[in-house]
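Report on the following structure.
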Amino acid sequence: MLPPYKNARSPKISQSVLSSLSAREPRLTARAMQKETLEATAWHEAGHAVVGARLGMKLYKVEIPVRFMTYSCGEVRISTGYTTYVVNGLADQFGTEGANRARAVFAAAGIAAELARGNRSTMEIQDDSDGIRRYARALGIEDHPSNRELAVFFADAVNEATGLLLQDGGKAWVRVRTALKQRLELSHEKVLELMS
């Protein structure tokens, strides 16, 4: 499991990420970079969508907005995804404590997806790690790197998210991920349809 504080960085795409992509494939083209970035973003966001739906959260939408940045290899599509859910009613549905735990598991879904993808970089999970820590603070857990209670809360959230993500052997996650790569946006209803 990744520790919640290791290598805190901005979630922006950096030259080091592009270098690491190029290191995997020496002649990586702009098109291949687009495809790899889209694939990685779909893995991550589909993880949030599937776990959120399995938690009973009403998703607003899952999307991968198209952004372009130009590098020496040509114009590169940078995909940064978002999975948003309807906040109203969570406390009614889960209770205040349960809502914060559900939000932490929802945030941990991105980490679970990255780990399942084999990604050990902390850059793609920084926002998710921050979210888990924020919900831990709301539950009265001190936000300090040496706090054992925080480490246990973090690990429990990631483990629960992993279990929900792979509940059916990951089949629903694959269907949502595939549809998200093709459409770049999915509604709550579409996610549920793909999961059934």
When the stretch 88-110 is checked residue by residue, the ones that are closer than 20 Å to Leu38 by Cβ and of a type in the set (A, V, I, L, M, F, W, C) are Ala109
In the set Glu97, Glu185, the lone residue that is over 21 Å from Tyr60 (Cβ atoms) and touching a residue at least 24 places away in the same chain (Cβ under 8 Å) is Glu97
Of the conditions (1) within 14 Å of the chain's Cα centre (by Cα); (2) touching a residue at least 12 places away in the same chain (Cβ under 8 Å), the single one that Gly118 does not satisfy is (2)
Of the residues in the stretch 154-182, those that are among the basic types (Lys, Arg) and in contact (Cβ under 8 Å) with a residue 12 or more places away in the chain come to Arg175, Arg177, Lys181
Checked the stretch 38-54 for anything of a type in the set (A, V, I, L, M, F, W, C), farther than 10 Å from Lys181 by Cα and surrounded by fewer than 24 Cβ atoms within 10 Å (Cβ to Cβ); matches are Ala53
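Values in this text are rule-based calculations from the coordinates and carry no lab data. Values in this document were obtained by computation on a predicted structure and should not be read as measured data. With ideal geometry, Cβ positions are generated from the backbone for all residues, glycine too; neighbour counts draw on all protein chains shown.
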